[in-house]
Amino acid sequence: MAEVEELYTAFCQFCQFGSSRNLSSMTDITGPTMDGAKWAKFCRDSGIIAGTTTSTDADIWFNKVKAKSARRIDFDQFQEALRLAAAKRFGGSKTPQEGYMLLVREIVGGGGARPIAQGTLPSSDSVTQRMTDHTLYTGTHKNRFDSAGRGRGMAGRDQLPKTNELAKITNREESNVRGVPMSAASAAAMAAGDSRRASSTSTMAASSTNLAAAASGSGVPRGKRSHQAVTTASTEMLDKQASQPKRTLPPVNASRGAALSSSRRNLSGSMSGSVFDRLTDTKAYTGTHKERFNDDGSGRGLAGRDAVAKGSGTVGVYRGGDVKSLSQILRS
């Protein structure tokens, strides 16, 4: 029938929309096939998804008619999906065949269903117009465009980058056998010649000065091998430090020295003896240590302390009497 042929034409157009994989010949055994995305687009563009019918219903119909492990449907399965859509739309008011034919007439009516190609339309509001109007740009952005609105490229920049030309990063100058440019090699050679000439000039000046000093008898210092030594700032500083007198102790008053020696003899008894003898001599102790020992060197105990510690120095009274042994306070 004519409706079925137009439906098949619409089916092929939706299968081929946006992809070249379905451009198979009509004489093939399988023919064109439709995946889930193209089926959903067909339902939207043909008006099947409307009212209470949603895209979820379209996905359910597609999964019912396709094979278990397949992801595409052919034209026969496509027709079965349309019968499910007709049953959803017309319900029990029409027989399945009548509902299917009415749905097909709606799809192919008015020239048939065609894929609707939709794209993103550019915004034309006032904000976008102000942002894209190059005549309103200021500063460096203003110089990036000409009067017609075309970009000026590199010429519209305030400062060109250092690597905008190959000649700025490569050196095509003639080089020597070592790969050094001739200009750089000649400059290095001239610098080396100047430094050698300056060194020779300073050496000749120093030697002439030393010879003149030797001839005049001004006492030029000589090195270990009897040749004239060159005096520098560092050698003069070392000589000045070496010629300074050594630091000496200030003189001690005679009366003060006698008092110190007498006090030392009184504290230690005599200057003789080892360090151990002087450290263990109680007569030489001073301060609080001096009060801790008797004249014979024996310790004074608590009586030799400046402040006696709290308590009498013995264990307090125990309820079982004075503690004379650990057995009184330990369990047997």
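The values are calculated or read from the model by the stated rules, or taken from the named source; none is laboratory data. It should be emphasised that the depicted structure is a prediction, and the values quoted were computed from it without experimental measurement. So basically every Cβ, Gly included, is an ideal-geometry build from the backbone, and we count neighbours across all protein chains shown. The area values use the complete protein model at the heavy-atom level, side chains included, leaving out ligands, DNA and RNA. Shrake-Rupley method; radii C 1.70, N 1.55, O 1.52, S 1.80 Å.
Taking a ≥ b ≥ c as the square roots of the eigenvalues of the Cα gyration tensor, an a/c ratio of 1.5 or more together with a/b no larger than b/c marks the stretch 115-176 as oblate. Taking every protein chain into account, the 1.4 Å probe leaves Thr95 with about 70 Å² of accessible area, to the nearest ten. Across the stretch 89-99, rounded Karplus estimates of 3J(HN,Hα) from the backbone phi angles (6.51 cos²θ - 1.76 cosθ + 1.60, θ = phi - 60°) give 7, 8, x, x, 6, 10, 6, x, 5, 5, x Hz, Gly and Pro being marked x. Within the full protein context, the accessible area of Thr54 is estimated at about 60 Å² for a probe radius of 1.4 Å.
When only DSSP loop residues count, what trypsin sites (Lys or Arg not before Pro) in the stretch 32-106 have their Cβ near at most 16 other Cβ atoms within 10 Å? Don't jump to the answer; show the numbers that get you there.
Numbers: sites: Lys38, Lys41, Arg44, Lys64, Lys66, Lys68, Arg71, Arg72, Arg83, Lys88, Arg89, Lys94, Arg105; in loops: Lys66, Lys68, Arg71, Lys94.
Counting only loop positions with at most 16 other Cβ atoms within 10 Å, the trypsin sites (Lys or Arg not before Pro) in the stretch 32-106 are Lys68, Arg71, Lys94.
Extents of the stretch 44-125, taken as max minus min of Cα coordinates on every principal axis and listed largest first, are 51, 34, 25 Å.
If you filter the stretch 166-196 for trypsin sites (Lys or Arg not before Pro), then keep DSSP loop positions with at most 10 other Cβ within 10 Å, what is left? Can you show the working numbers first?
Working: sites: Lys168, Arg172, Arg178, Arg196; in loops: Arg172, Arg178.
Of the trypsin sites (Lys or Arg not before Pro), the ones in loops of the stretch 166-196 whose Cβ has at most 10 other Cβ atoms within 10 Å are Arg172, Arg178.
Ligands, DNA and RNA excluded, the heavy atoms of Phe17 present near 70 Å² of accessible surface to a 1.4 Å solvent probe.
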